[in-house]
(Lines give C-alpha, C1' and ligand atoms only; values in the text may rest on other atoms or scores of the structure.)
Protein backbone atom coordinates (compact mmCIF):
# COMPACT_ATOMS: atom_id res chain seq x y z
CA UNK A 1 0.00 0.00 0.00
CA UNK A 2 1.09 3.56 -0.66
CA UNK A 3 2.05 5.53 2.40
CA UNK A 4 -0.62 7.81 3.84
CA UNK A 5 0.73 11.36 3.71
CA UNK A 6 0.35 13.38 6.90
CA UNK A 7 0.40 17.13 7.36
CA UNK A 8 0.70 18.56 10.86
CA UNK A 9 -0.72 21.93 11.84
CA UNK A 10 1.11 23.12 14.93
CA UNK A 11 4.75 22.09 15.33
CA UNK A 12 5.10 22.68 19.06
CA UNK A 13 5.72 19.94 21.62
CA UNK A 14 2.68 17.87 20.64
CA UNK A 15 3.13 18.42 16.93
CA UNK A 16 6.65 17.04 17.10
CA UNK A 17 5.41 14.21 19.33
CA UNK A 18 2.99 13.28 16.56
CA UNK A 19 5.87 13.35 14.07
CA UNK A 20 7.76 10.85 16.22
CA UNK A 21 4.76 8.57 16.67
CA UNK A 22 4.01 8.54 12.94
CA UNK A 23 7.68 7.81 12.16
CA UNK A 24 7.37 4.58 14.19
CA UNK A 25 4.23 3.29 12.45
CA UNK A 26 4.69 0.05 10.47
CA UNK A 27 7.26 0.53 7.71
CA UNK A 28 6.09 2.49 4.72
CA UNK A 29 2.50 2.90 5.93
CA UNK A 30 2.66 6.59 6.84
CA UNK A 31 4.88 9.62 6.36
CA UNK A 32 4.80 13.21 7.57
CA UNK A 33 5.30 15.26 4.42
CA UNK A 34 4.53 18.79 5.62
CA UNK A 35 4.08 20.96 8.69
CA UNK A 36 2.48 24.37 9.20
CA UNK A 37 3.18 26.76 12.06
CA UNK A 38 3.28 30.58 12.23
CA UNK A 39 6.22 30.53 14.65
CA UNK A 40 9.69 30.34 13.03
CA UNK A 41 11.28 28.54 16.01
CA UNK A 42 8.65 25.79 15.86
CA UNK A 43 9.13 25.36 12.12
CA UNK A 44 12.88 25.13 12.63
CA UNK A 45 12.44 22.53 15.37
CA UNK A 46 10.23 20.45 13.07
CA UNK A 47 12.84 20.61 10.31
CA UNK A 48 15.56 19.55 12.75
CA UNK A 49 13.46 16.60 13.91
CA UNK A 50 12.69 15.52 10.35
CA UNK A 51 16.40 15.71 9.52
CA UNK A 52 17.26 13.53 12.52
CA UNK A 53 14.69 11.00 11.31
CA UNK A 54 16.10 11.12 7.79
CA UNK A 55 12.81 12.34 6.36
CA UNK A 56 12.16 15.21 3.90
CA UNK A 57 9.74 17.86 5.16
CA UNK A 58 8.07 20.89 3.66
CA UNK A 59 7.20 23.68 6.09
CA UNK A 60 4.56 26.39 5.79
CA UNK A 61 3.71 29.41 7.90
CA UNK A 62 -0.06 28.83 7.70
CA UNK A 63 -2.46 25.92 7.59
CA UNK A 64 -4.06 27.42 4.48
CA UNK A 65 -0.81 26.97 2.57
CA UNK A 66 -0.56 23.40 3.80
CA UNK A 67 -4.10 22.59 2.64
CA UNK A 68 -3.45 24.14 -0.77
CA UNK A 69 -0.16 22.30 -1.23
CA UNK A 70 -1.68 18.94 -2.12
CA UNK A 71 1.10 17.29 -0.12
CA UNK A 72 -1.05 15.49 2.44
CA UNK A 73 -4.04 13.15 2.67
CA UNK A 74 -4.46 13.55 6.43
CA UNK A 75 -4.12 16.55 8.74
CA UNK A 76 -3.15 16.36 12.41
CA UNK A 77 -4.26 19.50 14.26
CA UNK A 78 -1.98 20.04 17.27
CA UNK A 79 -2.10 23.82 17.47
CA UNK A 80 -3.21 25.77 20.58
CA UNK A 81 -6.75 25.02 21.75
CA UNK A 82 -8.28 28.34 20.76
CA UNK A 83 -7.20 27.83 17.12
CA UNK A 84 -8.88 24.43 16.66
CA UNK A 85 -12.26 25.81 15.59
CA UNK A 86 -11.00 28.02 12.78
CA UNK A 87 -8.54 25.44 11.48
CA UNK A 88 -11.09 22.62 11.54
CA UNK A 89 -13.67 24.74 9.71
CA UNK A 90 -11.11 25.54 7.02
CA UNK A 91 -10.27 21.84 6.66
CA UNK A 92 -13.92 20.80 6.46
CA UNK A 93 -14.71 23.53 3.91
CA UNK A 94 -11.71 22.84 1.71
CA UNK A 95 -12.55 21.45 -1.75
CA UNK A 96 -10.11 18.59 -1.26
CA UNK A 97 -11.04 16.08 1.43
CA UNK A 98 -8.50 15.64 4.24
CA UNK A 99 -9.07 13.19 7.08
CA UNK A 100 -8.38 14.76 10.46
CA UNK A 101 -6.94 13.85 13.85
CA UNK A 102 -7.53 16.85 16.11
CA UNK A 103 -5.86 17.09 19.49
CA UNK A 104 -8.06 17.43 22.56
CA UNK A 105 -10.06 19.40 23.37
CA UNK A 106 -12.11 19.39 20.18
CA UNK A 107 -12.78 23.11 20.73
CA UNK A 108 -12.77 25.42 23.75
CA UNK A 109 -16.55 25.99 23.73
CA UNK A 110 -19.61 23.78 23.32
CA UNK A 111 -20.97 26.12 20.64
CA UNK A 112 -17.86 25.70 18.50
CA UNK A 113 -17.91 21.90 18.98
CA UNK A 114 -21.49 21.83 17.71
CA UNK A 115 -20.58 23.98 14.70
CA UNK A 116 -17.79 21.55 13.83
CA UNK A 117 -20.22 18.64 14.08
CA UNK A 118 -22.63 20.39 11.72
CA UNK A 119 -19.86 21.15 9.24
CA UNK A 120 -18.64 17.55 9.38
CA UNK A 121 -22.11 16.25 8.52
CA UNK A 122 -21.81 18.07 5.21
CA UNK A 123 -18.54 16.21 4.52
CA UNK A 124 -19.36 12.54 5.17
CA UNK A 125 -16.29 11.50 3.19
CA UNK A 126 -14.03 13.14 5.81
CA UNK A 127 -13.10 11.14 8.89
CA UNK A 128 -12.54 13.23 12.05
CA UNK A 129 -10.88 11.59 15.07
CA UNK A 130 -10.62 13.44 18.40
CA UNK A 131 -7.32 12.92 20.22
CA UNK A 132 -8.53 11.59 23.56
CA UNK A 133 -5.62 9.15 23.68
CA UNK A 134 -5.89 8.22 27.36
CA UNK A 135 -8.41 5.58 26.22
CA UNK A 136 -5.50 3.78 24.60
CA UNK A 137 -3.17 3.63 27.64
CA UNK A 138 -2.64 -0.11 28.28
CA UNK A 139 -3.77 -0.07 31.95
CA UNK A 140 -6.86 1.98 31.07
CA UNK A 141 -7.70 -0.23 28.08
CA UNK A 142 -7.27 -3.36 30.18
CA UNK A 143 -9.49 -1.99 32.95
CA UNK A 144 -12.11 -1.08 30.36
CA UNK A 145 -12.05 -4.69 29.13
CA UNK A 146 -12.57 -5.89 32.71
CA UNK A 147 -15.50 -3.54 33.20
CA UNK A 148 -17.10 -4.45 29.87
CA UNK A 149 -16.75 -8.16 30.66
CA UNK A 150 -19.09 -7.75 33.62
CA UNK A 151 -16.55 -8.99 36.18
CA UNK A 152 -17.32 -6.16 38.59
CA UNK A 153 -21.05 -6.06 37.84
CA UNK A 154 -23.04 -2.93 37.15
CA UNK A 155 -20.84 0.15 37.48
CA UNK A 156 -21.91 2.51 40.27
CA UNK A 157 -18.86 4.72 40.89
CA UNK A 158 -15.87 5.90 38.85
CA UNK A 159 -13.12 7.77 40.70
CA UNK A 160 -10.15 9.25 38.84
CA UNK A 161 -7.22 10.90 40.57
CA UNK A 162 -4.66 12.87 38.64
CA UNK A 163 -1.86 14.18 40.84
CA UNK A 164 0.89 15.62 38.69
CA UNK A 165 3.20 18.50 37.83
CA UNK A 166 2.05 22.01 36.74
CA UNK A 167 1.20 23.00 33.20
CA UNK A 168 4.24 23.04 30.92
CA UNK A 169 5.52 26.19 29.26
CA UNK A 170 4.05 26.56 25.76
CA UNK A 171 4.64 28.96 22.87
CA UNK A 172 3.75 32.50 23.97
CA UNK A 173 2.38 30.98 27.21
CA UNK A 174 -1.02 30.50 25.60
CA UNK A 175 -1.98 27.78 28.09
CA UNK A 176 -1.94 30.15 31.07
CA UNK A 177 -5.37 31.66 30.35
CA UNK A 178 -8.91 30.28 30.30
CA UNK A 179 -9.80 32.29 27.20
CA UNK A 180 -7.22 30.28 25.25
CA UNK A 181 -7.65 26.85 26.81
CA UNK A 182 -11.33 26.68 27.73
CA UNK A 183 -10.21 26.35 31.36
CA UNK A 184 -8.26 23.59 33.08
CA UNK A 185 -11.30 21.28 33.27
CA UNK A 186 -11.65 21.52 29.48
CA UNK A 187 -8.00 21.68 28.47
CA UNK A 188 -6.66 18.95 30.69
CA UNK A 189 -9.55 17.04 32.16
CA UNK A 190 -11.59 16.31 29.04
CA UNK A 191 -9.51 13.09 28.99
CA UNK A 192 -10.94 11.99 32.32
CA UNK A 193 -14.52 12.97 31.60
CA UNK A 194 -14.26 10.90 28.42
CA UNK A 195 -13.02 7.93 30.47
CA UNK A 196 -15.85 8.36 32.98
CA UNK A 197 -18.37 8.10 30.14
CA UNK A 198 -16.69 4.95 28.85
CA UNK A 199 -16.58 3.23 32.24
CA UNK A 200 -20.11 4.26 33.21
CA UNK A 201 -21.42 3.42 29.72
CA UNK A 202 -23.71 6.41 30.08
CA UNK A 203 -24.07 10.08 29.29
CA UNK A 204 -23.63 12.91 31.81
CA UNK A 205 -26.60 14.68 33.37
CA UNK A 206 -25.18 17.27 35.78
CA UNK A 207 -21.89 18.41 37.31
CA UNK A 208 -20.78 19.91 40.60
CA UNK A 209 -17.23 21.16 41.09
CA UNK A 210 -14.98 23.02 43.51
CA UNK A 211 -11.58 24.31 42.45
CA UNK A 212 -9.13 27.19 42.58
CA UNK A 213 -5.69 28.48 41.66
CA UNK A 214 -3.88 27.94 44.95
CA UNK A 215 -0.18 27.32 44.23
CA UNK A 216 0.91 27.47 40.59
CA UNK A 217 1.44 30.48 38.31
CA UNK A 218 0.42 33.04 40.95
CA UNK A 219 3.68 34.95 40.57
CA UNK A 220 3.62 34.88 36.76
CA UNK A 221 2.62 37.89 34.66
CA UNK A 222 2.21 37.96 30.87
CA UNK A 223 1.49 41.25 29.11
CA UNK A 224 0.31 42.63 32.45
CA UNK A 225 -2.05 39.72 33.10
CA UNK A 226 -1.84 37.06 35.82
CA UNK A 227 -2.80 33.49 34.77
CA UNK A 228 -6.34 32.41 35.67
CA UNK A 229 -6.14 28.65 35.12
CA UNK A 230 -7.05 26.58 38.20
CA UNK A 231 -4.48 24.12 39.54
CA UNK A 232 -6.70 21.84 41.65
CA UNK A 233 -10.31 20.71 41.76
CA UNK A 234 -12.82 18.11 42.83
CA UNK A 235 -15.50 17.39 40.22
CA UNK A 236 -18.61 15.21 40.64
CA UNK A 237 -20.42 14.00 37.52
CA UNK A 238 -23.83 12.30 37.61
CA UNK A 239 -24.81 10.01 34.73
CA UNK A 240 -28.15 9.10 33.22
CA UNK A 241 -27.95 5.47 34.41
CA UNK A 242 -27.44 6.47 38.06
CA UNK A 243 -23.66 6.05 38.09
CA UNK A 244 -21.46 8.79 39.49
CA UNK A 245 -17.95 9.92 38.64
CA UNK A 246 -15.47 11.92 40.65
CA UNK A 247 -12.26 13.64 39.54
CA UNK A 248 -9.57 14.57 42.07
CA UNK A 249 -7.15 16.90 40.28
CA UNK A 250 -3.98 18.36 41.76
CA UNK A 251 -1.29 19.97 39.61
CA UNK A 252 1.26 20.60 42.34
CA UNK A 253 1.73 16.97 43.33
CA UNK A 254 5.07 16.04 41.80
CA UNK A 255 5.69 13.71 44.76
CA UNK A 256 3.19 11.13 43.51
CA UNK A 257 4.13 7.56 42.60
CA UNK A 258 1.38 7.43 39.96
CA UNK A 259 0.13 10.30 37.89
CA UNK A 260 -3.26 8.69 37.29
CA UNK A 261 -5.18 6.31 39.54
CA UNK A 262 -8.53 5.07 38.26
CA UNK A 263 -11.05 3.16 40.37
CA UNK A 264 -14.25 1.64 38.99
CA UNK A 265 -16.64 0.03 41.48
CA UNK A 266 -19.59 -2.13 40.56
CA UNK A 267 -22.13 -4.03 42.61
CA UNK A 268 -19.97 -7.18 42.40
CA UNK A 269 -16.39 -5.93 42.55
CA UNK A 270 -13.81 -3.25 41.94
CA UNK A 271 -11.17 -2.63 39.31
CA UNK A 272 -8.25 -0.19 39.43
CA UNK A 273 -5.67 1.06 36.93
CA UNK A 274 -2.40 2.85 37.73
CA UNK A 275 -0.33 4.99 35.35
CA UNK A 276 2.66 5.00 34.86
CA UNK A 277 3.04 1.98 37.14
CA UNK A 278 1.27 -0.01 34.43
CA UNK A 279 -0.78 -2.36 36.58
CA UNK A 280 -4.44 -3.29 37.02
CA UNK A 281 -6.01 -4.60 40.22
CA UNK A 282 -9.22 -6.59 40.39
CA UNK A 283 -11.17 -7.71 43.41
CA UNK A 284 -14.68 -8.83 44.27
CA UNK A 285 -16.88 -8.25 47.27
CA UNK A 286 -17.04 -12.00 47.84
CA UNK A 287 -13.27 -12.43 47.62
CA UNK A 288 -12.48 -9.52 49.93
CA UNK A 289 -9.07 -7.95 50.39
CA UNK A 290 -7.21 -11.27 50.25
CA UNK A 291 -8.70 -12.04 46.86
CA UNK A 292 -7.46 -8.91 45.09
CA UNK A 293 -5.35 -9.79 42.05
CA UNK A 294 -2.70 -7.54 40.49
CA UNK A 295 -1.60 -7.95 36.89
CA UNK A 296 0.68 -5.97 34.56
CA UNK A 297 -0.82 -4.10 31.64
CA UNK A 298 1.21 -3.82 28.46
CA UNK A 299 0.64 -3.77 24.72
CA UNK A 300 3.22 -5.47 22.51
CA UNK A 301 2.18 -3.33 19.55
CA UNK A 302 3.76 -0.21 21.06
CA UNK A 303 6.92 0.75 19.15
CA UNK A 304 7.29 4.19 20.71
CA UNK A 305 6.39 5.08 24.31
CA UNK A 306 6.61 8.84 23.90
CA UNK A 307 5.03 11.31 26.28
CA UNK A 308 1.90 9.29 26.99
CA UNK A 309 3.12 5.77 27.76
CA UNK A 310 2.50 4.49 24.25
CA UNK A 311 -1.12 5.62 24.07
CA UNK A 312 -0.49 8.13 21.28
CA UNK A 313 1.19 5.42 19.22
CA UNK A 314 -1.79 3.08 19.69
CA UNK A 315 -4.12 5.96 18.83
CA UNK A 316 -2.23 6.48 15.59
CA UNK A 317 -2.51 2.79 14.76
CA UNK A 318 -6.30 3.00 15.20
CA UNK A 319 -6.52 6.22 13.23
CA UNK A 320 -4.41 4.88 10.37
CA UNK A 321 -6.59 1.75 10.19
CA UNK A 322 -9.71 3.92 10.02
CA UNK A 323 -8.20 6.08 7.29
CA UNK A 324 -7.32 2.97 5.29
CA UNK A 325 -10.85 1.62 5.76
CA UNK A 326 -12.34 4.96 4.73
CA UNK A 327 -10.72 4.52 1.36
CA UNK A 328 -12.79 1.36 0.82
CA UNK A 329 -16.00 2.96 1.98
CA UNK A 330 -16.39 1.70 5.54
CA UNK A 331 -14.86 3.41 8.54
CA UNK A 332 -15.64 5.23 11.75
CA UNK A 333 -13.17 7.00 14.03
CA UNK A 334 -12.37 5.28 17.31
CA UNK A 335 -13.12 8.58 19.06
CA UNK A 336 -15.78 10.61 17.29
CA UNK A 337 -17.07 14.18 17.40
CA UNK A 338 -19.81 13.39 19.89
CA UNK A 339 -17.17 12.00 22.25
CA UNK A 340 -15.25 15.24 21.81
CA UNK A 341 -18.34 17.37 22.39
CA UNK A 342 -19.41 15.65 25.61
CA UNK A 343 -15.90 15.65 27.08
CA UNK A 344 -15.81 19.42 26.54
CA UNK A 345 -19.39 19.90 27.82
CA UNK A 346 -18.57 18.24 31.16
CA UNK A 347 -15.50 20.45 31.51
CA UNK A 348 -17.47 23.59 30.67
CA UNK A 349 -20.12 22.60 33.21
CA UNK A 350 -17.41 22.08 35.82
CA UNK A 351 -15.83 25.46 35.15
CA UNK A 352 -19.26 27.13 35.42
CA UNK A 353 -20.01 25.22 38.62
CA UNK A 354 -16.81 26.52 40.23
CA UNK A 355 -17.63 30.09 39.19
CA UNK A 356 -21.23 29.99 40.40
CA UNK A 357 -21.13 27.45 43.25
CA UNK A 358 -23.98 25.27 42.00
CA UNK A 359 -24.83 22.09 40.14
CA UNK A 360 -24.82 22.70 36.38
CA UNK A 361 -26.83 20.50 34.05
CA UNK A 362 -25.35 19.21 30.81
CA UNK A 363 -28.58 20.20 29.10
CA UNK A 364 -27.88 23.80 30.13
CA UNK A 365 -24.41 23.89 28.60
CA UNK A 366 -25.45 21.99 25.47
CA UNK A 367 -28.23 24.49 24.80
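Condition check ((1) over 27 Å from residue 311 (Cβ atoms); (2) surrounded by fewer than 17 Cβ atoms within 10 Å (Cβ to Cβ)) across all residues:
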| position | (1), (2) |
| --- | --- |
| 166 | no, yes |
| 180 | no, no |
| 194 | no, no |
| 208 | yes, no |
| 214 | yes, yes |
| 224 | yes, yes |
query = closer than 23 Å to residue 358 by Cα, assigned by TED's automatic domain parsing to the domain that holds residue 191 and surrounded by 20 or more Cβ atoms within 10 Å (Cβ to Cβ), is that true of residue 243?
reply = yes
message = What's the total number of residues in segment 117-133 that are touching a strand residue (DSSP E or B) at 6+ places or on another chain (Cβ under 8 Å) and crowded, with 22+ Cβ neighbours inside 10 Å?
response = 5
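Do we have any residue at all in segment 92-108 that's in contact (Cβ under 8 Å) with a residue 12 or more places away in the chain, in the same structural domain as residue 331 (by TED's automatic domain parsing), assigned to a helix (DSSP H, G or I) and surrounded by 24 or more Cβ atoms within 10 Å (Cβ to Cβ)? Walk me through how you get there before you give the answer.
Looking only at segment 92-108, we keep the residues that are in contact (Cβ under 8 Å) with a residue 12 or more places away in the chain, and these are 92-94, 96-108.
Applying the additional criterion that residues be in the same structural domain as residue 331 (by TED's automatic domain parsing) yields 92-94, 96-108.
Filter once more, so that each one left must be assigned to a helix (DSSP H, G or I): 92-93.
Okay, now just the ones that are also surrounded by 24 or more Cβ atoms within 10 Å (Cβ to Cβ), so none.
The answer is no; no qualifying residue exists.
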ask   = Can you name the number of the only condition in (1) outside any helix (DSSP H, G or I); (2) at pLDDT below 95 that residue 324 fails?
value = (1)
inquiry  = Restricting to segment 198-232, name every residue that is out of contact with any strand residue (DSSP E or B) (no Cβ under 7 Å at 6 or more places or on another chain), over 30 Å from residue 148 (Cβ atoms) and in contact (Cβ under 8 Å) with a residue 24 or more places away in the chain.
reply    = 215, 216, 217, 220, 222, 225, 227, 228, 229, 231
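Criterion first (surrounded by fewer than 16 Cβ atoms within 10 Å (Cβ to Cβ) and within 23 Å of residue 210 (Cβ to Cβ)) does residue 263 satisfy it? So that I can check it myself, show each step before the final result.
On the way: surrounded by fewer than 16 Cβ atoms within 10 Å (Cβ to Cβ): no; within 23 Å of residue 210 (Cβ to Cβ): yes.
So residue 263 does not fit the description; no.
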ask   = in a helix (DSSP H, G or I) and in the same structural domain as residue 351 (by TED's automatic domain parsing) - does that describe any residue in segment 200-211?
value = yes
remark   = Reported set for segment 280-311 where residues are in contact with a strand residue (DSSP E or B) (Cβ under 8 Å, 6 or more places away or on another chain) and either outside the structural domain of residue 265 (by TED's automatic domain parsing) or modelled with pLDDT under 95 (or both) is 309
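The values are calculated or read from the model by the stated rules, or taken from the named source; none is laboratory data. Model, not experiment: these values are computed from the prediction. As a convention, Cβ positions derive from the backbone with ideal geometry for all residues, glycine included, and neighbour counts pool all protein chains shown.
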